[in-house]
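The block underneath contains the structure these notes are about, expressed in structure tokens.
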Amino acid sequence: MRPTPFTTTLACAVLALAAGSTQAQTVYRIVGPDGKVSFSDQPPPPSSKAKVTTAGAGGSSSVNAAALPFELKEVVQRYPVTLYTSASCGPCASARNLLTSRGVPFTERTVNSNEDADALKRISGDTSLPFGTIGGQQLKGFSDVEWTQYLDAAAYPKSSVLPATYRPAAPTPLVAKAAAPAAAPAPAPVQQPQAQPVDTSRNPAGIQF
């Protein structure tokens, strides 16, 4: 039986997903002592006292795998999906609708600031949106055919099998904002001593010395 163009394409997609998963570059999210967030492919030295978390090419996942059916949970663990979007991006909405309609659990990261754009460039190589990852496979821009092909290759269900109680996580900025320092408490007002009344019972004229 000769392979059809579709099965050949699907096999290539599966190989690309597998290769992407093994070759995906680790991205380190670094929060310095001053609260500044940066991304790098190299971890900082321990002496920097920075807080470091790893987010592979697909970013850290916020999908609640415990709430998923077993067969879907396995796919999510092998090929987690992350979607990078912005507020004024029409194709981003199309990508989100495709994932939602198929019941694909995904993590959404928003890119709305210069810091977000810089972080996205470190992960994807540029700042074009939408940008998505399925495991280690990167998808730049949105094509219904291409995204569907890779979701099929990763064995995501063609229609939703999510339980009715499943609730997706809210989108979060790609770069978390550092908490503003607490304002110093206002100084307490100085209490002025009250003048004591002068006893004039023994000094009817009220003469003071």
If I ask for residues that are under 17 Å from the mean Cα position of the chain (by Cα), in a loop (DSSP other than H, G, I, E, B) and modelled with pLDDT of 70 or more, which ones from the stretch 168-185 would you list? Pro168, Ala169, Ala170, Pro171, Leu174, Val175, Ala176, Lys177
Name the residues in the stretch 101-118 that are without any contact (Cβ under 8 Å) to a residue 60 or more places away in the chain and within 26 Å of Ala154 (Cα to Cα), would you? Ser101, Arg102, Gly103, Val104
Would you be able to say whether some residue in the stretch 124-142 is open to solvent by 10 Å² or more (accessible area, probe 1.4 Å), over 18 Å from Ala87 (Cα atoms) and among the aliphatic types (A, V, I, L, M)? no
List the helices (runs of 4 or more DSSP H) that sit entirely inside the stretch 74-156 and contain at least 3 residues that are closer than 22 Å to Ile30 by Cα and at pLDDT below 95. 114-124
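The values are calculated or read from the model by the stated rules, or taken from the named source; none is laboratory data. The model shown is predicted, which means the values in this text are computed figures rather than measured ones. Positions of Cβ are backbone-derived with ideal geometry, glycine not excepted, and every protein chain shown enters the neighbour counts. These accessible areas exclude ligands, DNA and RNA; they are computed on the full protein's heavy atoms, side chains included. Shrake-Rupley method; radii C 1.70, N 1.55, O 1.52, S 1.80 Å.
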